[in-house]
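Notes follow the structure.
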Amino acid sequence: MRLRNWIAVVTSVLLLVTVGIVGVLVNRSALQAADTVHRTDTHALAKNNATLAGRMQLLSAKELKTFADTHSFDLGVGDGSDRKALEGYVAKSSAFPYGAAITSLDGKVLNATRTHVLPAPTDAGYAPMRKSLLAGKPGFSSVMLVKDSASAGAPVAIQAFAVPIQVAGVARAILIGYNKIATTTLQEYTARLRTTGSLTTFVDPTGRVGFTSEGEKIGTLVAPPVVSAVTRITTGFEFVEYQVGKTEMISVVVKDEESLPGGWAYIRTQTMASFDGPVHTRSQNINLTLLAMLIIGAVGISLLGYRTQVQRRRADERFQALFQHAPDMVAVLDAEGRVAYSSPSAASLLHFPAGSLRGTTVFALVHEEDRPRMVEAFAKLRTERDGVLRLQTRILNASGQATWFDFTASNQMHNPALMGIVINARDISENRAFQERLHHEATHDALTGLPNRRRMQDALGSSLQGDAVAVFFVDLDGFKPVNDAHGHEAGDELLRQVADRLSACVREGDVLARVGGDEFVVLMPGITAQSDADAMSTRVRIAIERPFLVFGNEVTIGASVGVHLATPSDDPDQALRAADHAMYAVKHLGGGRRAASEQCEPARVGRHRAEV
């Protein structure tokens, strides 16, 4: 009997040891899988933020390139007209309000604004900018620190952008725009990424902080191990683990010239404790629990079943806790698209009562414009064993409001544990809103809110594919004297009021765009009669000739209107050039009022002086 008891005890211990070893290995495997997924998600988020930042940088470079291509420079050393052009551009630019300069191809300064102190031509920060220019791309400098009298003696962090100035298709000089990093749109966006326990930074190739969620760190260097990673990585990403004092830290470093030009890198830093989160803590708890089970197992086999049940119950509780607090929404759909299971986060994200989504068809929650695409994608996924589908769509919450989600769907109909389509959804409404705002800013005039030249050209091309279009090129007469007499702010206010009046002249479906300093274009699809076009020209001139009240001053200007009646067979660029030529014909006759009094007929063909 005693032998039997010992055999039972030994057997129970061996069984528990075996179970314990298996449990530790499984726990370790699950922990590694969770770490892999976590790091993959962290890298994806970092790559997305780096891409968004890169697009913002390229938009600023595009603005600088537009100025370089549309302005004629003399390129003489200290040339007065060039300096005046630079100062006018800096005064109006939202991207480069700090200053601008023109240099020769070898870096010699030909001209520069004088409002702020600019970095010396020998500053090492220009090196990556010049490297990009030699590769035929816009140039982006490293962070450069200058002492500006306006900053009370504290160094100011500056970044420079550069594009070539071309004459007859050949680069003759370099146009450089400067911005104060602390006041840029990208810094404003980065500051919004600030969260407790993490630090978001964009650093130059030397590891100096440019844009950061903690503004006081601008111009400082990141930790040496991170600097080493930044200088080591050419393209790709790396997780850097290091210590600051007794605190373990981790940083994800993403560096990709295609996403973030100029050799800059995106870095997200946090403590290892906050990065690992509760998963590692729970893993340690599991290991301790298994050890306790081994000790208790020595008492007898009678406790084995009980301890197994306790462990199983704890595992279930951990699983439920993870799903309860997970930010993503998880659901399982049956073959008809009805919700068989949804995680607790689904109710909190969509504001439905807990459990109320069960049995609801998922297509009823999809926005009506996205529903056909969702039904088609779901039907296709059902035919693919282990198929995976990823798409973005709008989901309606309990109040009927639409929210953008990123869906990943996996066909697990054959899996007996699931027998359905597994859905993982993440709220991406903030990213979508940011992308839509970037698109709007790229296609609209910042001063008047009207479509810009690019948006107008797209609309003209689309309209001419199936209909005739009357193209009106409007240039203001007497606008420059208003600027000279009352200042640029008054000029800007006048342009906004002109835009309002022109908007009142057009029909719904017409396009009104600002294409230059005081130039506007109106597109009126369906207009084929010259009399209708002349009537529109008259309305425009009368509207503009009425006095404006600008900052308490009555201002009177006129408008020269060029008209071209384009047919569907016309080339959009040729149509725009013809309207431009017609406008200049009116200008040469003395402007809109004199042309109207002489009843001059608008020219039908001509040239277009602006860049397309």
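The values are calculated or read from the model by the stated rules, or taken from the named source; none is laboratory data. Quantities reported herein were computed from a predicted structural model and do not represent experimental measurements. Positions of Cβ are backbone-derived with ideal geometry, glycine not excepted, and every protein chain shown enters the neighbour counts. Just the protein is used for accessible areas: all its heavy atoms, side chains included, with ligands, DNA and RNA removed. Shrake-Rupley method; radii C 1.70, N 1.55, O 1.52, S 1.80 Å.
Taking the longest Cα principal axis of the chain as reference, the axis of helix 453-463 is set at about 90 degrees. A Förster distance of 51 Å, applied to the separation of the beta-carbon atoms of Lys246 and Thr185, puts the FRET efficiency at 0.85.
Taking amide H as placed 1.01 Å from N in the peptide plane, the amide H of Gly516 sits under 5 Å from none that are at least 5 places away or on another chain. Sequentially through region 231-238, phi angles give Karplus couplings (6.51, -1.76, 1.60; θ = phi - 60°) of 6, 7, 6, 9, 8, x, 9, 7 Hz, Gly and Pro residues having no value and appearing as x. Here the accessible area of region 449-596 is 49 percent carbon and sulfur, with a 1.4 angstrom probe and all protein chains present. Distances between placed amide hydrogens fall under 5 Å for Ala173 paired with Ile165, all partners being 5 or more residues away or on another chain. Ranked by the mean number of other Cβ atoms within 10 Å of their residues, highest first, the peptides 417-424, 164-171, 553-560 fall in the order 553-560, 417-424, 164-171.
Per residue of the chain, the DSSP helices (runs of n ≥ 4 H) give a summed -39500 (n - 2.57) that works out to -14500 deg cm²/dmol at 222 nm.
How much accessible area per residue does region 145-236 have, in Å², with a 1.4 Å probe?
Working: 4010 Å² over 92 residues.
Computed with neighbouring chains in place, this is 44 Å² per residue.
Relative to the dominant Cα principal axis of the chain, helix 572-588 is inclined by about 40°.
With R₀ fixed at 45 Å, the C-beta to C-beta distance from Glu384 to His439 puts the FRET efficiency at about 0.85. Phi-derived couplings, Karplus 6.51 cos²θ - 1.76 cosθ + 1.60 at θ = phi - 60°, listed residue by residue for region 138-143: x, x, 10, 7, 7, 5 Hz, with x used for Gly and Pro.
Legend: residue pairs Lys108/Lys131; Lys147/Lys180; Lys137/Lys217; Lys65/Lys587; Lys47/Lys131; Lys480/Lys587, Cα-Cα distance threshold 21 Å; pairs beyond threshold, Lys137/Lys217; Lys65/Lys587; Lys47/Lys131.
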